[in-house]
Amino acid sequence: MESAYLYVRVSTDEQARKGFSLPEQEDRLLKYCEFGNIEVKGIYREDYSAKNFNRPEWKKLIATIKKDSGKKENNILFIKWDRFSRNIEYAYEMIGILRKYRATAMAIDQPIDFTVPESTVMLAVYLSIPEAENSRRALNTSNGMRRAKLLGRYPNKAPLGFTNCTGPDEKKYIIPAYPEADIIKWAFKQLAKNSFKIEVVRRMACAKGLVCSRSGFWKLVRNPVYCGFIPISTIGQAPELIKAVHEPLISETLFYEVQSIINTRRKVESKSDELGNAFFLRGFLICPACGKKLSGSFSRGSTRKYPYYHCFKGCPTRIRAELVNNSYNEKLQKMLLLDGVIGLFNLVLEDENIGSQRAEYLQDRRLLKKQLEEQQLLISKARKLFVTDRLKFDDFKELKLESQIICSNVGVELSSNASKLRLLRQQLEVDGRSINQIFYNFLKLNILDKKYIVSMIPPKTIDINTGTVSIQIGSILAKILSFKKSNSLIEVSDLDTRPNNFRERKVTIKSAISLMGRNGIQLEEGEAGVILDFLYHMARTYNFTNVKINHIPKWISNQQKPAW
């Protein structure tokens with residue numbers, strides 16, 4: 001009597017599409033064995049895809065056949081060859097392995113006589129048809145998903161913070177899933193403040209209840225789905241963004257502000273970066289002796305440390321950093337914003353209203369203090385319950401640990417909030433300046449803002465003896481800044497100062513070109529983008545005390561003028 005192992009397999013989509021089921025296949029195989037007088041040595045039931053042979057039950061079957069390979073030949077019976085495999089390459093490889101173990105795979109509905117050489121042709125047909133079906137199905141699915149994305153729907157598995165749902169029209173959509181959606185909104189706002197590293201924000205979000213790995217969080221903060229756009233990739237082209245129909249968690253402006261921050265080389269503003277503030281020209285100064293870029297370091301004296309710009313080993317160039325920094329600052333103070341640019345700068349100032357920033361920071365501080373008080377009250381109540389034996393020690397310990405983590409994160413946020421308020425307070429301390437003096441506050445800026453200005457207006461030459469530097473300004477910024485052109489220490493050159501990630505805000509490039517044109521300053525689209533990017537950077541650190549805001553044309557902005 002012959003013997004055989006029975007193998008039945010089904011995947012969820014096949015069961016729904018073709019009506020396959022494990023009991024049905026098993027019943028047909030048992031009847032076939034009964035009719036052919038074949039002994040059934042075992043039945044292996046599989047609910048797995050046939051794209052490869054990495055299947056639990058199939059591995060068990062191969063292990064069993066391997067043990068019996070020295071005794072006698074074995075047979076494996078299944079209904080059709082698509083139950084065996086849907087990949088012709090893997091199928092031929094597995095048939096070779098089975099021959100090595102003296103086993104033969106056979107389909108009862110598609111029989112193959114391996115003793116006849118011409119039967120290999122039919123075997124190739126039987127194995128290639130399932131793979132062709134899979135490839136066609138995958139292509140149809142891919143095209144269908146692409147069409148859905150072009151219509152603004154998200155057909156894939158919903159990203160963290162969303163959940164999949166089906167609308168009344170039987171179309172697939174995604175909707176916000178709470179509380180994860182609120183935590184993700186909070187995370188984007190924290191990243192936009194540029195006060196914490198991405199990993200710190202992730203840990204704080206996890207403490208609030210978000211379950212997300214480090215790599216997953218990095219993908220999350222770069223996913224445009226959260227601001228209402230769906231990316232569509234095309235071979236050989238950059239991904240295209242399609243406006244989605246689902247409700248976004250954050251605004252487009254907030255998303256691109258976060259992208260601009262996390263894509264910079266240094267992602268977090270330093271609050272006490274002594275080295276960076278002392279040597280903000282490092283990397284821009286060129287050694288007049290050897291032509292290399294100057295570095296910077298501190299030299300320890302008897303009472304304090306002294307900063308120096310210096311060259312590398314073998315070159316004696318060494319200059320006091322205070323002399324060079326002050327010389328650069330003096331050149332900046334000689335540059336003023338042209339009167340014809342004041343109207344455009346007023347619009348930018350309105351968009352970057354420092355008063356609304358202060359109100360937002362104060363509101364955040366109130367909420368954080370309230371959250372801290374709630375945690376302290378919670379621990380106090382838990383302690384009373386523990387003392388009266390109404391709360392177990394393990395529960396009290398777990399509750400206390402969770403509260404300590406939350407309080408620690410809130411403390412970090414409060415510290416950052418206090419730093420932001422302190423910076424705003426410093427910006428409001430300077431009196432008696434004109435709106436044209438946009439570099440008035442340069443030495444009080446943080447290292448990132450200083451580096452940005454230096455990159456836009458870099459130093460050109462340096463005098464080793466006096467520390468005097470000459471600076472060069474690009475032809476684009478020269479259109480909006482006034483200075484004595486006879487001054488040999490300020491030179492106009494064709495610097496490439498175009499920003500990499502400029503995104504339009506309330507003040508658009510089109511309105512900037514129009515307004516500047518009315519004031520006699522002709523700009524191209526690329527030049528307007530550079531100027532707007534520069535003005536927005538300057539507006540974030542601008543002083544508003546005793547600065548007269550000029551009239552803003554109604555044809556550009558219909559918003560109410562803020563009361564500075």
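The values are calculated or read from the model by the stated rules, or taken from the named source; none is laboratory data. Since this is a predicted model, take the numbers as computed values, not measurements. For neighbour counting, all protein chains shown are included, and Cβ atoms are generated from backbone atoms with ideal geometry for every residue, glycine included. When the accessible area is computed, the model is the full protein with side chains, heavy atoms only, and any ligands, DNA or RNA have been set aside. Shrake-Rupley method; radii C 1.70, N 1.55, O 1.52, S 1.80 Å.
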Exposure of E118 as accessible area (Å², to 10), given a probe of 1.4 Å and all protein chains
120
Packing-ranked peptide list from 165-174, 460-469, highest mean Cβ count within 10 angstrom first, is 460-469, 165-174
Between segment 57-119 and segment 357-416, what is the separation of their alpha carbon centroids in Å?
64
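With all distinct Cα pairs included, what does the Kirkwood hydrodynamic radius of segment 162-263 come out to in Å, to one decimal, could you say? List each step's numbers first, then the result.
Working: mean 1/r = 0.0685 Å⁻¹.
Radius from the Kirkwood sum: 14.6 Å.
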Unit charges at the beta carbon, dipole of segment 162-263: most positive-side option, H246, T166, V201
V201
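In terms of solvent-accessible area of protein heavy atoms at a 1.4 angstrom probe, what is the ranking of I79, I43, highest value first?
On the way: I79 10, I43 50 Å².
Descending order: I43, I79.
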Cα-only radius of gyration and Dmax that characterise segment 3-136, units Å
14.2, 43
To the nearest 10 square angstrom, how much accessible area does R318 have with a 1.4 angstrom probe?
120
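Mind ranking M106, M335 by accessible surface for me, highest first, 1.4 Å probe? Walk me through the intermediate numbers first.
Values: M106 65, M335 0 Å².
Ranked list, largest accessible area first: M106, M335.
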Compactness relative to 2.2 N^0.38 Å, alpha carbon Rg of segment 67-120
1.14
Share of alpha-carbon pairs per 10 Å distance bin for segment 303-343, given as whole %:
23, 30, 24, 14, 9, 0
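Send over the Kirkwood Rh of segment 297-393, from the inverse of the averaged 1/r over different Cα pairs, rounded to one decimal Å. Let's see the in-between values first.
Values: mean 1/r = 0.0483 Å⁻¹.
One decimal place: 20.7 Å for the Kirkwood radius.
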So how do 407-414, 391-398 stack up, highest first, on mean other-Cβ count within 10 Å?
407-414, 391-398
